[in-house]
Amino acid sequence: MKHYKYAIYLLTGIGVSHLGSWIYLVALNLSILNLTGSAAAVAGLYIIRPIAMLLTNTWSGSVVDRVNKRRLMISIDIIRGILVCIIPFISHLWIIYFIILLINIAGAFFGPSSSVYITRLIPVENRKRFNSLMSMTSYGAFLIGPAIAGFLIMFFNTSICIWINGIAFLVCSFFLYLLPNVDEESSEKAEPIRFQTLVSDWKAVKDFALQAKFFISVYLLFQIALLMGFALDSQEVTFIKQHLQLTDRDYGLIMSLTGLGALVGATVSAMVAKKVSLKLYLGGGMLLTAIGYVAFYASFDFLTATAAFVFLGFFMAFANAGYATFFQNTVPVNIMGRFASIADMFQGFVQILLTLLLGFLAEWFSLQFVCIVFAVVGTLFATILLLTVMGKSKDDYFREETKQVHV
């Protein structure tokens, strides 16, 4: 019973944070545009997060694995809440950029910390359902957040939306405060983070990767298929507007319905978590997601494009929950922060390369042809992934029984 109470606290806190972030994102874009009148200034917001990742991801995991995760997450949210609340009082673009960079640097610690914390807090047999519920909160915030932002901006201003996000971070920190400490207390003094420490940590991640060959093969297949999809996302608005000749209103409606499909998918995945195997969540969810991309870029009108994207969104919820659960069940918790940080950095590099490659090829060939080729390649990797995980000999990697009590 205690686990359910703690899960509700964690979901509520992170859910409020997600909602605030979507309200803030819409408002921040408008605020920068109103301040500068420059589309380039708005575009600059989207390179700050990758810069923050490059500055932190080589060492943030080393910090995460050596400190108390609950206290770290609480501190991060308090820092982010205060920094966000400062933004409306600033009228200089570069100072705003710097504050947003600090917010993203702090945020780079939150993802790995929460992964480790969830792994320690939630019993193995409940992780798949919990991750599905996490997806529900994320997709629900994606649907509701921009609508709330639009209403607030219409009747008030962008500053209100930004302050709401600052308050949301503080509310999240309060719910995290209600959660238990799941880290093992050590009487030893924490080791300072030096260059030699980082080298040792990278070696520990490398040693794990060399030993866990099945996990790495599944990880690479899943990430390649997923990153193909992320690269294709960069061309969706161009495909909808230029190839399908649809309007901005049509594009907005397709995105909203896709978010609704993802929310329904996350709800269903939470409901059937005890009945459907982790293998199918991971492999089947990713394959059907990849097929959704193929169907979308093969579409020829509003209805076929919408149906394909709703289908894609529905099954991506299963794939994400399956991957998160497999990751939590397989990566040793004592190096999880380091592995997640380093992996995120390399994923960012690959995503940038694939996105640039797709954009370059689209200039030489037909956009639809190039996107279908990318989608088919993603589907091929997803098919190999499904065949890899469905082998009977791999059942031990997907067991979902509690091995030890964390709380």
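The values are calculated or read from the model by the stated rules, or taken from the named source; none is laboratory data. Just so you know, these numbers come straight off a predicted model, no measurement behind them. Cβ: placed from backbone, ideal geometry, glycine included. Neighbour counts: every protein chain shown.
For the reader, a short list of remarks on this structure follows.
- Helices (runs of 4 or more DSSP H) completely within the range 56-159 that count 1 or more residues being at pLDDT 85 or above: 69-86, 93-121, 127-155
- Residue match in the range 229-236 (condition: in a loop (DSSP other than H, G, I, E, B), within 21 Å of Leu357 (Cβ to Cβ) and of a type in the set (S, T, N, Q)): yes
- Exclusive hit being β-branched (Val, Ile, Thr), more than 24 Å from Ser138 (Cβ to Cβ) and surrounded by fewer than 17 Cβ atoms within 10 Å (Cβ to Cβ), set Ile90, Ile47: Ile90
- Subset of the range 1-46 (residues that are at pLDDT 75 or above and among the charged types (D, E, K, R)): Lys5
- The set of residues from the range 187-240 being at pLDDT below 80, among the small types (Gly, Ala, Ser) and under 23 Å from the mean Cα position of the chain (by Cα) comprises just one member, Ser234.
- Verdict on Leu367 being farther than 26 Å from Arg129 by Cα, free of Cβ contacts under 8 Å to residues at least 12 places away in the same chain and out of contact with any strand residue (DSSP E or B) (no Cβ under 8 Å at 6 or more places or on another chain): no
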